[in-house]
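Worksheet: one structure, shown below.
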Ligand code: HEM
């Protein structure tokens, strides 16, 4: 009865009052309600940044760990801001989007790379977690210097024949049915290539040991659960697994380092170079773990997707095939009786770099579509102004790469695989500063 009369009153009102007025009144009511709702839910303190708050900071922030992309996107939509913040335990995390925030994120000296990833993203083991003496080895600039020493052009050329042998041996094991599961088979290749580059021949030649290390690696990746990241001291299974896997990795690598230390056969594998430089076991293991955790996921996932995109795109598959054929024809001995997999070993690195524009475009486009994670920093030095807001010292910053990589104002039809978009005439990646972030951008550490 009451419902009936209410309906009647509304239907009468709607008959009596012009439609426009109703729309305006309804819009105003919605506007007022939203304003009330947002001012209650989202508050901004004197730093000018909207705080998405919530009843419990853990509940608000949980999707940051479980559905990071959706969490950031939906909160930018709700707040209609280019910057908002929330709490994770006692830490403030500031999410930013847009060109100005992006420039600050990549250029500002106060923002620290390693500190950013330390607490909020923790698959990589820290030797400090198992009470090892770790000194500076978790410092990214220390790691960068060592990488430059060990992964330079000359060393790549030296190791290329061995890498090709490793690949051939593993791919022969795939059989002749012409079907593979890239997310298993290609990952395996990437893992063993990374071990080859980051350790020593004894280990790189031992498939059983590599499998063991790979399973410990995945234990660590899987133990980076939200609870484990937030409460690393809690004796839950994920934390115990992480500690056990880190200890086991330490002991496996230690045994190979000792073998190299006591060997009379001189070699110049990574472990040998680091030993010759006087590094102790802990520092060498720190380096190897950093290589595995920096290298495997990104290289693995993008190699898989590049192959998948090529399988589904005839035009680019033909272009890449023609490019590979031209490399073999122009830079290897075509009359050689060597098996085909050995021949690319003689191609200089400079040729790989200069004469593979199609592969380059395919990799770039794969990274643009696939690499859409969230990059992190921590503001370690002083309060930092972004637009008219202030990011306090100690706060974390989060930048979601899709802000540029999947932005239709920068990349036309952003979900379409179209490597031509980087070519002359289109140059879509030049439309905004730092519009392509596949290999990182701005300051290095
Ligand atoms: C397809 C493969 C790879 C991709 C797409 C990739 C991508 C990236 C990106 C986007 C960043 C910047 C992250 C940020 O700004 O927060 C970065 C940083 C870094 N990556 Fe990679 N990476 C790859 C492979 C590797 C490998 C194999 C290594 C070493 C073994 C490595 C070592 C590093 C290091 C040391 C940094 C920090 C460097 C600095 O900015 O000073 N990456 N990488």
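The values are calculated or read from the model by the stated rules, or taken from the named source; none is laboratory data. All of these numbers come straight from a predicted model, not from anything done at the bench. So basically every Cβ, Gly included, is an ideal-geometry build from the backbone, and we count neighbours across all protein chains shown.
What the table below lists for this structure:
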quantity	calculated
Residue that is within 13 Å of the ligand (Cβ to nearest atom) and touching a residue at least 24 places away in the same chain (Cβ under 8 Å), where the choices are 406, 397	397
Failed item in (1) within 16 Å of the ligand (Cβ to nearest atom); (2) in contact (Cβ under 8 Å) with a residue 40 or more places away in the chain, with residue 196 passing the rest	(2)
In the stretch 334-347, residue farthest from residue 161 (Cα to Cα) [restricted to those that are touching a helix residue (DSSP H, G or I) at 6+ places or on another chain (Cβ under 7 Å) and in a loop (DSSP other than H, G, I, E, B)]	336
Residue among 265, 224 that is assigned to a loop (DSSP other than H, G, I, E, B) and within 30 Å of residue 437 (Cβ to Cβ)	224
Sole exception among (1) touching a residue at least 40 places away in the same chain (Cβ under 8 Å); (2) within 16 Å of the ligand (Cβ to nearest atom); (3) assigned to a helix (DSSP H, G or I) for residue 442, by number	(3)
Residue 308 vs. criteria within 24 Å of the chain's Cα centre (by Cα), at pLDDT 90 or above and in a helix (DSSP H, G or I)	yes
Any hit, the stretch 326-349, residues being touching a residue at least 24 places away in the same chain (Cβ under 8 Å), more than 23 Å from the chain's Cα centre (by Cα), within 16 Å of the ligand (Cβ to nearest atom) and closer than 26 Å to residue 196 by Cβ	yes
Enumeration of residues in the stretch 144-154 that are without any contact (Cβ under 8 Å) to a residue 12 or more places away in the chain and under 18 Å from residue 352 (Cβ atoms)	152, 154
Pair list, Cβ under 8 Å, 6 or more apart: the stretch 292-318 residue under 19 Å from residue 180 (Cα atoms), other residue at pLDDT below 95 and within 8 Å of the ligand (Cβ to nearest atom)	302/371
Check on residue 395, touching a strand residue (DSSP E or B) at 6+ places or on another chain (Cβ under 8 Å) and surrounded by 14 or more Cβ atoms within 10 Å (Cβ to Cβ)	yes
Close pairs from the stretch 68-92: first at positive phi and without any contact (Cβ under 8 Å) to a residue 24 or more places away in the chain, partner buried (at least 16 other Cβ atoms within 10 Å of the Cβ) and outside any strand (DSSP E or B), Cβ under 7 Å, at least 6 apart	none
Number of the exception - residue 389 against (1) under 24 Å from the mean Cα position of the chain (by Cα); (2) within 18 Å of residue 72 (Cβ to Cβ)	(1)
Single unsatisfied condition, residue 364 versus (1) surrounded by 16 or more Cβ atoms within 10 Å (Cβ to Cβ); (2) more than 16 Å from the ligand (Cβ to nearest atom)	(2)
Residues satisfying the stated conditions in the stretch 239-259, i.e. over 28 Å from residue 226 (Cβ atoms) and either touching a helix residue (DSSP H, G or I) at 6+ places or on another chain (Cβ under 7 Å) or in contact (Cβ under 8 Å) with a residue 24 or more places away in the chain (or both)	252, 253, 254, 256, 257, 259
Residue list for the stretch 413-439, filter: free of Cβ contacts under 8 Å to residues at least 40 places away in the same chain and surrounded by fewer than 18 Cβ atoms within 10 Å (Cβ to Cβ)	413, 416, 424, 425, 426, 427, 430, 431
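Here's the yes/no breakdown for (1) part of a loop (DSSP other than H, G, I, E, B); (2) within 16 Å of the ligand (Cβ to nearest atom); (3) touching a helix residue (DSSP H, G or I) at 6+ places or on another chain (Cβ under 8 Å); (4) modelled with pLDDT under 90:
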| site | (1), (2), (3), (4) |
| --- | --- |
| 142 | no, yes, no, yes |
| 148 | no, yes, no, no |
| 155 | no, yes, no, no |
| 162 | no, no, yes, no |
| 171 | no, no, yes, no |
| 175 | yes, no, no, yes |
| 189 | no, yes, yes, no |
| 192 | no, yes, yes, no |
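Residues checked against (1) modelled with pLDDT under 50; (2) surrounded by 12 or more Cβ atoms within 10 Å (Cβ to Cβ); (3) within 16 Å of the ligand (Cβ to nearest atom):
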site	(1), (2), (3)
39	yes, no, no
67	no, yes, no
82	no, yes, no
87	no, yes, no
98	no, yes, no
105	no, yes, yes
